[in-house]
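See below for the structure under consideration.
No value in this document is a laboratory result; all are computed from the given coordinates. Values in this document were obtained by computation on a predicted structure and should not be read as measured data. Note that we place each Cβ from the backbone using ideal geometry, even for glycine, and neighbour counts take in every protein chain shown.
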Amino acid sequence: MLKQKGFAELKIGRKVYKLPIIVGTENEKAIDITNLRRDTGFITLDPGYGNTGSCCSSITFIDGEKGILRYRGIPIEELAGRVTFIETAYLLLHGALPSEQKLKTFSSLLNKNSLLHEDMRHFFDGFPRGAHPMHILGTMFNGLSTFYPNIDALSMKEDIDVTATRLISIVRTMAAFAYKKSIGEPPVYPRRDLPYCANFLNMMFDSPVKPYVLDPEIVKALNLLLILHADHEQNCSTSAVRIIGSAQVNLYATISAGISALSGPLHGGANQAVMDMLRKIERKGDMDYFIDKAKDKNDPFKLMGFGHRVYKNYDPRATIIKQTCHNVLKRLKIKDPLLDIALELEKRALSDSYFVEKKLYPNVDFYSGIIYKAIGIPENMFTVMFALGRLPGWIAHWKEMVESKDRKIARPRQIYVGKGLRHFKRDEKAAAVVALKVKGK
Ligand code: SDX
């Protein structure tokens, strides 16, 4: 719900400008600068957009100070463990959890769309052995735009559920196929009798010579992890999807851009980077060495899985994932020394004034990798798991952007700080050097 509540006054020189103040459902306030440049000739400057709202959205609400995360108004703590990832995907897309009938239809579409086009299977043969699965996924998604060319903001001729279930279902098949390819095993096809997460685990770990036994508790844990990753308002990759989509780019190519943004170690790539960091701490056996490095302004090292642009409190997802970590390791009777290191690192950081003053807490990526590792997912696929979860959020935001009445191509301004006007003149010396090279002298 959006209300206008009075005006902010901006005084430039002797002139006072009135800028509308808008207020959202949860009392978030913004100064609407839509006409700022037209009225004042000024733009605003906000590197990293930490103070800039790019849109109004009804999908997800985050209160970073209070550590609140809600999907379509429902706290994630109330969804986690109560609904499936697919029900959450439907909620993000449509604004309400599906009825039994709608869930049946949605699920049958997921099944119908779960096969990767056989011509695309050969794409995997073209990738080098060590190709990172996130790069494979991003490329494959771009490739999908050649199979489904007319899926963009304007020419969307099919129902969003057909498109969304194709994306959500195929990404799971692609990820599992990429894994099987990387270990030289034949792909395991999706099964029509298995729900989303169970199907994924089966495609990943079943094999003609060693049947995979599905553990309902592990399937539940995977549902939970994907739910917690499903959306997070205007994060880097979702903003990338909105920006690329605003140019009316094919949806699959747009999602490919989201996958690329997510792969960065400062974003979704952090879950893999956390494991590298924990192993380095284990090998060095000196945790304080790394904490000091993280605090050293001259050292680019950061504690991976710590800190957040919005959460200045404990990331509510990290709280749930930390508990799930204990549950999964207990279920699988695994004792992972990296979990002990992570718990100790969290304890020491949260009692260190540097982290306390800067409000740096564990985020969604801090514990998730330990669960993925326990389930058997290879580390270079941890960010792929993040993408599987985030896909419904990306699609929901793309749909909201496409349907918005004030949709326009995203095109920020800048302040130019380069050289002033100067005219072209050939630099005789440089020209002479080039001439000599050309003459082979
Ligand atoms: C995700 O946006 C989202 O919602 C993202 C996400 C989602 O669901 O989509 O939540 C998923 O990307 C989680 C974040 C995963 N990334 C990491 O764990 C990487 C490590 N974290 C940092 O790189 C950092 O905290 C960011 C990138 C997450 C946030 O960076 P900001 O908001 O730009 O904060 P900043 O770099 O300006 O930090 C403020 C201060 C700085 O110190 P000063 O310059 O003020 O002295 O805090 C310091 C930073 O140096 N700081 C850290 C730190 N994170 C911030 N110092 C040590 N270790 C860290 N992890």
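When Lys312 is tested against the conditions (1) away from the ligand (no atom under 13 Å from the Cβ); (2) farther than 30 Å from Met174 by Cα; (3) surrounded by 15 or more Cβ atoms within 10 Å (Cβ to Cβ), the lone failure is (1). For Ala342, only one of the following conditions fails: (1) under 18 Å from Asn223 (Cβ atoms); (2) surrounded by 15 or more Cβ atoms within 10 Å (Cβ to Cβ). What is its number? Here Ala342 meets the rest and fails (1). Of the residues making up region 163-212, those that are more than 19 Å from Ile377 (Cβ to Cβ) and among the β-branched types (Val, Ile, Thr) are Thr163, Thr165, Val209.
Mind listing whichever residues of region 214-262 are in contact with a strand residue (DSSP E or B) (Cβ under 9 Å, 6 or more places away or on another chain) and closer than 17 Å to Tyr372 by Cα? Of everything in region 214-262, those that are in contact with a strand residue (DSSP E or B) (Cβ under 9 Å, 6 or more places away or on another chain) and closer than 17 Å to Tyr372 by Cα turn out to be Ile227, Leu228, Ala230. Of all residues in region 282-305, those that are without any contact (Cβ under 8 Å) to a residue 60 or more places away in the chain have Cβ atoms under 9 Å from Cβ atoms of residues that are among the hydrophobic types (A, V, I, L, M, F, W, C) and more than 14 Å from the ligand (Cβ to nearest atom), 6 or more apart or on another chain, in Glu282/Leu338; Glu282/Ile341. Looking only at residues of region 297-309 that are more than 19 Å from Ser351 (Cβ to Cβ) and of a type in the set (D, E, K, R), we find that the one that is farthest from the ligand (Cβ to nearest atom) is Asp299. Summed over region 71-85, the residues that are under 17 Å from the mean Cα position of the chain (by Cα) and under 15 Å from Cys197 (Cα atoms) give a count of 1. Restricting attention to region 111-149 and to residues that are in contact (Cβ under 8 Å) with a residue 60 or more places away in the chain and not in a helix (DSSP H, G or I), the residue that is surrounded by the fewest Cβ atoms within 10 Å (Cβ to Cβ) turns out to be Pro149.
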